[in-house]
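The values are calculated or read from the model by the stated rules, or taken from the named source; none is laboratory data. Predicted, not measured: the structure shown is a model, and the values here were computed from it. Here the Cβ positions follow ideal geometry from the backbone for every residue, glycine too, while neighbour counts run over all protein chains shown. In case anyone asks, the SASA skips ligands and DNA or RNA and just uses the protein heavy atoms, side chains included. Shrake-Rupley method; radii C 1.70, N 1.55, O 1.52, S 1.80 Å.
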Amino acid sequence: MESNAQHVSTHTGRVVVIGGGIAGLAAAHRLLGAGVAVTVLEGSARLGGKLLTGEIEGVPVDLGAESMLARRPEAVDLAEAVGLGDLLQPPTAGGASVWTRGALRPMPKGHVMGVPGDASALAGLLSDEGLARIAQEPDLAPTEVGDDVSVGEYVAERLGREVVDRLVEPLLGGVYAGDAYRISMKAAVPQLFAAVRTHDSLLEGVRDLQEKAAARPQSAAVFAGIAGGVGTLPGAVADAVRAGGGEILLDTPVLGLTRTPDGWRIRTGTGVLNADGVVLATPAWSAATLLAAESPAASAELAAVEYASMALVTLAFRRSELTGMPQGSGFLVPPVDGLTIKASTFSTRKWGWVADAAPDLFLLRTSIGRYGDEEHLHHEDADLVDVSLRDLGEATGLDAKPVASEVTRWIGGLPQYPVGHQARVERVRAAVAALPGLRVCGAAYDGVGIPACVASARRAADEIIATSTLARGTGRGAGE
């Protein structure tokens, strides 16, 4: 049952999941599948975290994450398990561009997160000087990477800053809303980190990765969406949790977490729960507060995790008023050019379900803000719409006025993965492992994408199942 709790009952033989984002819901789903009774506590009035659907001009749209990596199975598997398999869709258009040095330029092929296997892969995007700098890389002395290194610093040293500023930065920024010169290669691009540790030349390492990828069978689509929006996934998982006997309580922030001789005591504003196990699926700062008394070491590490904020501006135009919009699914914008928007997605082109829902409209969205560049997020909604229209006009020639707009702010939306992040996560997990029956999961640990969040949730649930003596089958329909 989902409710706004006035009093929280006490349960035993139960795991309490704190946090109703996709990680917390996935953990609850996994636990129920093993026959464990589950209660999910969500502090806000809605589930889903950074996955959110809404409407613009009557058309359903994603106002948060809009796609998930399909070549990694966890999110697709979860969607299929909760009945959304028939709604999974690949993008209907590819061919993104980069708006840089005053023009839209086709996104180059043959790179790993912007790092090319040879200079020709970036022809047209970089200057002649930038391409020449890449070509010199095989003659450079090897660069030591140690235990970790930032993507930007390493790539700039090997290939020059232009490839970082014009391609690596906007690509990484699209995932982490971060700064390529701070982001950990080991945490954010682990396959590249492994390659540079075994090759003296970065170009050679990228080519090796490309050859291995080409030799593996690949699914047709790299990414997938869900008809109606990726933001429908949390609701479907929640429905499956309730159907399996799980309990979901909204507007129930957790105020305290205490270890007892028999398990855990979870204190909320409306009551107390006793549980055999706890999955902490909250942002790092919240987890830090809740763990302060029971694990000061984990709390201190989690408190040091920084977050970036951003805004998404969704716009609807009449198709009849648009002329000359470029083809493709959208474009990225390098921060080095000093522009405001960081990217734009042409939702109508990218997702068939959006086009089908509004044949007379053209929907797109822009993103604004990233780590260290968030002053625009304090402006009024109308100002963010205006600056988006200005930049879109410069990039694409767009001069139509939108018939509707929606601004969604994600304050503290994306955890940052600086150099040493993976080591920090290992220290957190080691400290938490000393607390029987408690585990952590979510975007702050092993990746910010939906599959990574689901994977961390499964890991947390499986470890609790493996290390606890939980009563099985105590939930109604547990294990369905």
* Structure fact -> Taking the range 90-115 and keeping residues over 24 Å from LEU339 (Cβ atoms) and open to solvent by less than 30 Å² (accessible area, probe 1.4 Å) leaves VAL112
* Quick one: in the range 140-179, of everything that is at pLDDT 95 or above, open to solvent by less than 20 Å² (accessible area, probe 1.4 Å) and not in a helix (DSSP H, G or I), which residue is nearest to ASP373 (Cα to Cα)? => SER150
* Test: LEU125 is open to solvent by less than 10 Å² (accessible area, probe 1.4 Å) and more than 22 Å from the chain's Cα centre (by Cα) -> yes
* LEU203 vs. criteria closer than 30 Å to LEU32 by Cβ, crowded, with 18+ Cβ neighbours inside 10 Å and of a type outside the set (Ser, Thr, Tyr) -> no
* Do any helices (runs of 4 or more DSSP H) lying entirely in the range 230-324 carry at least 1 residues that are without any contact (Cβ under 8 Å) to a residue 24 or more places away in the chain and touching a Ser or Thr at 6+ places or on another chain (Cβ under 7 Å), and which ones are they? -> 284-291
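Do we have ALA275 as touching a His at 6+ places or on another chain (Cβ under 8 Å) and crowded, with 24+ Cβ neighbours inside 10 Å here?
The answer is yes for ALA275.
Every residue, every condition in (1) among the basic types (Lys, Arg); (2) under 24 Å from VAL428 (Cα atoms); (3) modelled with pLDDT under 95; (4) open to solvent by 50 Å² or more (accessible area, probe 1.4 Å), yes or no:
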| site | (1), (2), (3), (4) |
| --- | --- |
| GLY442 | no, yes, no, no |
| ALA460 | no, yes, no, no |
| ALA466 | no, yes, yes, yes |
| GLY477 | no, no, yes, no |
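To keep it simple, each residue is scored yes or no on (1) over 30 Å from ALA79 (Cα atoms); (2) touching a helix residue (DSSP H, G or I) at 6+ places or on another chain (Cβ under 9 Å).
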{"position": "THR252", "(1), (2)": "no, no"}
{"position": "ARG259", "(1), (2)": "yes, no"}
{"position": "TRP264", "(1), (2)": "yes, no"}
{"position": "ASP276", "(1), (2)": "no, yes"}
{"position": "GLU294", "(1), (2)": "yes, no"}
{"position": "LEU302", "(1), (2)": "no, yes"}
{"position": "GLU321", "(1), (2)": "yes, no"}
{"position": "LEU332", "(1), (2)": "no, yes"}
{"position": "PHE346", "(1), (2)": "no, no"}
